[in-house]
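Just so it is clear, none of the values below were taken in a lab; they were calculated from the coordinates. Remember, predicted model here, so these are calculated numbers, not experimental data. No Cβ is skipped: glycine too gets one built from the backbone with ideal geometry, and neighbour counts run over all protein chains shown.
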Amino acid sequence: MTVIIDGKQTAASVLDAVKETAAKLESETGKKAGLAVVIVGDDPASHSYVGAKSRMAKECGFNSIQHTLTADTTQDELADLVLRLNDDPDVHGILVQLPLPTHLSPDPVIQSIRPEKDVDGLNATNAGKVSIGDTKTGLVSCTPAGAMIFVRRAHGQDLSGLNALVIGRSNLFGKPMAQLLLNANATVMIAHSTTKDLPALCRTADILVVAVGQPEMVKAGWIKPGATVIDVGINRIETLERSGKSRLVGDVAFKECLEVADVITPVPGGVGPMTIAMLMANTVTAAIRANG
Ligand code: GUN
């Protein structure tokens, strides 16, 4: 029987621990963990993600601050806000939602967040720590950290002898995911848009992690029988043309791949809930480090 991972349930247990830790911090030091989420512009999907992050921060008992900036915000204005948040002792975590409007460069913004407040794990210090195998003293990128919980549950702590393929090479997901798998001794490959014969490569993977943003791209014939399949895609597709109805699907054709894989994550309800849970976990970790 194929195991369908319940991301909501796993996220709920991470969040229970976060709430307990945040409450303990507050009772011992009088300090609430603080998360500042910054969104620029009007992208509806980004607003929905950011709203969920801010709400969850409140639910965890954090001081939750959302900065909603207009689409014409300048690079200097955004930089000034990040500098203010860096200096605010009540803010322990800063997240600037990506993508930014095209006139803004994300990199200087991300790199200007103080590493100890970079709860997305995106700046060079935190990404660098993951790449040298240090996942303890920095902050690890949320979605890969969540996906690794699923991988470890299926295969244990040591992935020696297992082939892992990550499709997608973003700084937000693909690169840190590959590093985490490598740290756990998997034999890791990263595929991307110019990779040749992707289906054949996929069939070598005991652990297949897909983050490409292409609805149901990975088919059953691409899956090695018995593989663990982690689907990071969240794609909204219209169900009936012009009906206005839509549903969310991943990058993996779930129903058919279910027949071949041993372990698989659904969309929605797989990796998605873990991203927010790990963001909360990073924030409470940052708050404890600042006040401990
Ligand atoms: N956009 C989509 N996912 C994320 C994320 O995890 N962090 C940030 N900052 N932006 C995103």
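A few comments on the model shown:
- Subset of segment 43-64 that is of a type outside the set (Gly, Ala, Ser) and more than 15 Å from the ligand (Cβ to nearest atom) - its residue that is farthest from the chain's Cα centre (by Cα): ASN63
- Any hit, segment 251-260, residues being within 16 Å of the ligand (Cβ to nearest atom), in contact (Cβ under 8 Å) with a residue 24 or more places away in the chain and under 23 Å from the mean Cα position of the chain (by Cα): yes
- Test set (1) touching a strand residue (DSSP E or B) at 6+ places or on another chain (Cβ under 8 Å); (2) surrounded by fewer than 17 Cβ atoms within 10 Å (Cβ to Cβ) - ALA200 fails condition number: (1)
- Pick from segment 55-103, criterion of a type in the set (Val, Ile, Thr) and within 21 Å of PRO44 (Cβ to Cβ), ranking: surrounded by the most Cβ atoms within 10 Å (Cβ to Cβ): VAL96
- Flag if ALA290 is farther than 21 Å from ASP16 by Cα, touching a residue at least 60 places away in the same chain (Cβ under 8 Å), among the small types (Gly, Ala, Ser) and not in a helix (DSSP H, G or I): no
- Residues that are under 23 Å from LYS19 (Cα atoms) and without any contact (Cβ under 8 Å) to a residue 12 or more places away in the chain within segment 32-50 comprise just one, SER48.
- Verdict on ALA178 being among the aliphatic types (A, V, I, L, M), away from the ligand (no atom under 16 Å from the Cβ) and in a loop (DSSP other than H, G, I, E, B): no
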